[in-house]
Amino acid sequence: DVKVTQSSRYLVKRTGEKVFLECVQDMDHENMFWYRQDPGLGLRLIYFSYDVKMKEKGDIPEGYSVSREKKERFSLILESASTNQTSMYLCASSFWGGGLTDTQYFGPGTRLTVL
Amino acid sequence: EDQVTQSPEALRLQEGESSSLNCSYTVSGLRGLFWYRQDPGKGPEFLFTLYSAGEEKEKERLKATLTKKESFLHITAPKPEDSATYLCAVQGNTGFQKLVFGTGTRLLVSP
């Protein structure tokens, strides 16, 4: 069974704080993804990575950065948290699939509140 | 631009009352259509992948079908534990494994 874990289920931070969200997968997947989910907007891709130290911007990268130093671990960083970054953050992973289609498996999510 | 529209937004069924959820999509070169189930406060759980029109997949009380413009998730004789939000997503041939999600259908099955 694929297992994707996220460091926190719930997080409360203050405006301006630097926030780290961590994701770990145990299936030796090459690809890892960070999404945010907001009511009425669905899931939107923030960043993804197809290899260690490689990263690509998704649809809404502004205000975020990522780090992938090990294959199994993908971190999302909010450099200076703002209230509009209050959201559910979801990590996913998948096999390389030759760059084509492969199923993404999701973690349990981190609900971040920025006050 | 790839787009996914799910309907209805919410659906209430009695236990045993079969129904279907719709996922309409526009995509440039469909690589895959995915169905996920999401319980409140949790991450999406993978259900099915469909690759080409005419394909069908089944799992317990769920059956997913695909045409060139839409996918249906048929729920036969649902139980209260089937209550969840069902998400549809497509992957086209633009953008590396990028999934475009619909906003989901919230299903409530009453005993």
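With respect to B:Ala64, determine if the residue is of a type outside the set (Phe, Trp, Tyr), buried (at least 19 other Cβ atoms within 10 Å of the Cβ) and out of contact with any Lys or Arg (no Cβ under 9 Å at 6 or more places or on another chain).
Details: of a type outside the set (Phe, Trp, Tyr): yes; buried (at least 19 other Cβ atoms within 10 Å of the Cβ): yes; out of contact with any Lys or Arg (no Cβ under 9 Å at 6 or more places or on another chain): no.
Spelling it out, it is not the case that B:Ala64 is of a type outside the set (Phe, Trp, Tyr), buried (at least 19 other Cβ atoms within 10 Å of the Cβ) and out of contact with any Lys or Arg (no Cβ under 9 Å at 6 or more places or on another chain).
Could you list all residues from region A:43-83 that are polar (S, T, N, Q) and touching a residue at least 24 places away in the same chain (Cβ under 8 Å)? Step through it out loud before you land on a result.
Within region A:43-83, the subset polar (S, T, N, Q) is A:49, A:65, A:67, A:75, A:80, A:82-83.
Residues satisfying the conditions are A:Ser49, A:Ser75, A:Ser80, A:Ser82, A:Thr83.
Here A:Glu62 fulfils each of the conditions (1) more than 30 Å from B:Glu9 (Cα to Cα); (2) at pLDDT 95 or above apart from (1). Scanning region B:73-98 for residues that are surrounded by fewer than 18 Cβ atoms within 10 Å (Cβ to Cβ), hydrophobic (A, V, I, L, M, F, W, C) and over 17 Å from A:Tyr35 (Cβ atoms) turns up just one, B:Ala77. Quick check: anything in region B:53-67 in contact with a Gly (Cβ under 8 Å, 6 or more places away or on another chain), of a type outside the set (Phe, Trp, Tyr) and more than 14 Å from B:Cys23 (Cβ to Cβ)? Looking through region B:53-67, none of the residues is in contact with a Gly (Cβ under 8 Å, 6 or more places away or on another chain), of a type outside the set (Phe, Trp, Tyr) and more than 14 Å from B:Cys23 (Cβ to Cβ). Can we say A:Pro108 is at pLDDT below 95, under 23 Å from B:Phe34 (Cα atoms) and out of contact with any Pro (no Cβ under 9 Å at 6 or more places or on another chain)? Taking the combined requirement at face value, the residue does not satisfy it. The set of residues in region A:28-75 being more than 12 Å from chain B (Cβ to nearest Cβ) and assigned to a loop (DSSP other than H, G, I, E, B) consists of A:Asp28, A:Val52, A:Lys53, A:Ile60, A:Pro61, A:Glu62, A:Gly63, A:Lys71, A:Glu72.
Can you find a residue in region B:41-55 that is outside any strand (DSSP E or B), modelled with pLDDT of 95 or more and charged (D, E, K, R)? Checked against the condition, which is being outside any strand (DSSP E or B), modelled with pLDDT of 95 or more and charged (D, E, K, R), region B:41-55 yields at least one hit. Is it true that some residue in region B:75-84 is at positive phi and not in a strand (DSSP E or B)? So far as region B:75-84 goes, yes, one or more of its residues are at positive phi and not in a strand (DSSP E or B). Can we say A:Val4 is among the β-branched types (Val, Ile, Thr) and away from chain B (no Cβ under 14 Å)? No: the conditions fail for A:Val4. In the set B:Leu66, B:Leu21, B:Leu87, B:Leu107, only one residue is within 14 Å of another protein chain (Cβ to nearest Cβ), at negative phi and touching a residue at least 40 places away in the same chain (Cβ under 8 Å); that residue is B:Leu87.
The values are calculated or read from the model by the stated rules, or taken from the named source; none is laboratory data. The shown structure was predicted, so the numbers you read here are calculated from the model rather than taken from an experiment. Note that each Cβ is placed from the backbone with ideal geometry, even for glycine, and that neighbours are counted across all protein chains shown.
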